[in-house]
Structures are given as structure tokens and as C-alpha cells.
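Laboratory data are not the source of any read-out in this text; all were calculated from the coordinates shown. In this text the structure is predicted, and so the values were computed from the model without any measurement. Neighbour counts run over all protein chains shown; Cβ positions are idealised from the backbone, glycine included.
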Amino acid sequence: MPSASGSSRSRRSARSSNDSAIQPADVRWVVLTHLHTDHAGGLHHFPDNEILVTRTELEYASGLRGRLRGYVANKHWPAGFRPTMLELEPEPLGPFPQSLRLTEAGDVTLVPVAGHTPGQIGVLVDEGDHTVFLAGDSSYTQELMLRGTADGVGADEQAERLTHERIRAFAAETPTVYLVAHDPETGGRLNERRLVHPIPTEVAA
Ligand SMILES: [Zn+2]
């Protein structure tokens with residue numbers, strides 16, 4: 001499934017009834033945090049939607065080089081796959097040096113979370129008194145992010161640890177629900193809007 005889809009409308013319908021699936025027509029954008037198959041493999045469900053991905057990620061994942069880098073199924077992207085390529089703006093957002101505001105209301109913003117892949121982005125959804133942080137594969141679990149432990153399969157472990165530092169700094173200043181794709185606790189955290197409590201001291205690398 002795509003990593004994140006965002007519009008106030010789709011979020012509302014997702015929250016108003018747990019058993020009503022979101023239809024493609026309800027979705028304004030499909031935001032791909034990155035292009036690994038387990039995050040981009042459901043694109044054929046959204047043939048008419050605008051797909052957003054960073055230029056860095058698309059270039060890194062494409063072609064034979066992309067396949068050698070682990071994007072093994074890039075031949076199976078839907079025919080005519082032409083996502084909108086994003087460039088983040090040099091507009092800092094808290095500890096993140098760049099960002100891109102997606103919605104006019106300013107309640108959905110993209111930030112760089114490189115490491116797992118060079119062009120990975122996180123989606124920040126401002127829900128008023130807290131922010132939901134859709135972080136792709138920034139870490140396998142929240143615990144590993146808090147401890148600053150790189151997962152060992154990322155493209156760049158140093159970048160991954162820097163991303164963890166930034167996420168911890170963000171969560172220290174903004175109440176944050178941290179959602180990564182492979183953490184078994186992610187569903188529960190989303191349902192209960194359970195906040196991250198960052199470890200306030202520096203963690204040794
Ligand atoms: Zn991944």
C-alpha cells in the first residue's frame with residue numbers, strides 16, 4: 001500500500017468509520033515516502049490520482065541501478081507511472097533543514113528523513129494539539145529511533161542517525177505520534193494518538 005495519502009476529507013472519512021475503506025476518488029494525493037515495493041506496490045489501485053515522490057527518490061530507484069539498489073520490482077510500476085516529482089524547499093521546520101507545505105491550510109507538510117533511502121520523506125499531519133508523523137521506514141520501530149540505532153539495511157547509516165536525532169528533537173518540541181510502517185505498535189499508536197516521549201539526554205551512537 002502507498003505509505004500515506006492525505007486530504008482532510010480522506011482523513012475525516014477514515015476516522016469516522018473504521019470499516020469504510022477509503023476510495024481512490026476520496027484521495028487528493030498519494031504521497032510516497034519512498035519507493036520500496038512494500039510502500040509503492042499498491043499504486044495500481046490509484047490509476048487516476050496524483051502521486052507525489054521526491055525527485056531524489058525517483059532517480060535513485062529507477063532503472064537497472066535502482067534494481068541493484070534493492071528496488072527489485074521497479075519494472076512493475078504501473079504503465080504510465082509519472083509521479084509528480086517534488087523538491088523540498090530550503091524552508092526549515094524545527095530541526096528539519098527543508099520542508100514542503102502540501103496543503104493551503106498548512107496542516108500537511110513534508111520533511112526529509114533520509115537514511116533508509118536518500119530521498120525518503122516524512123509526512124507531518126497537524127491535528128491541532130499534536131502532530132501525526134508518517135515516517136515511512138525511518139526506523140523499524142519507535143524504540144530504535146529513540147535509541148538512535150540504524151537498522152543496518154539503510155542506504156546511509158549516518159544519515160539515518162541524523163534523521164533519528166531530528167525526529168527526537170521535533171518530538172521534544174511538538175507532541176508527536178510517530179508512525180513507521182513495520183513497527184507492530186504503529187496501528188495502536190495511531191488509533192490512540194499515543195505520543196512519543198523522547199529520551200531527553202543525548203544517546204551515545
Ligand atoms: Zn523501505
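Once the gyration tensor of the Cα atoms in the chain is diagonalised, the equivalent ellipsoid follows with semi-axes of 24, 22, 16 Å, ordered largest first.
Only Lys, Arg, Asp and Glu carry charge here, each on its Cβ (+1 for the first two, -1 for the last two); on that basis the chain has a dipole of about 440 debye about its Cα centre. In this calculation the C-beta distance from Glu173 to His76 is compared with R0 = 45 Å, giving a FRET efficiency of 0.65. Taking 7 Å steps out from each Cα toward its Cβ at His130 and Val153 produces label points 2.9 nm apart. Note on Glu50 and Glu91: the model spin-label points, each 7 Å out from Cα along the C-beta direction, lie 1.5 nm apart.
Please list, by residue number, everything in region 149-178 whose backbone N is under 18 Å from a paramagnetic label point 7 Å out along Cα→Cβ of Leu68. Only 155-156 fall inside the zone, counting backbone N under 18 Å.
Say the dipole of region 4-192 comes from +1 at the beta carbon of Lys and Arg and -1 at that of Asp and Glu; which of Asn74, Gly188, His130 then lies farthest toward its positive end? Comparing the listed Cα positions along the dipole, Asn74 ranks first.
Could you tell me what percent of the DSSP beta bridges with both partners in region 4-192 are antiparallel, to the nearest 5? Present the calculation step by step, with values, prior to reporting the outcome.
Values: 15 of 25 bridges.
Here the share of antiparallel DSSP bridges comes out near 60 percent.
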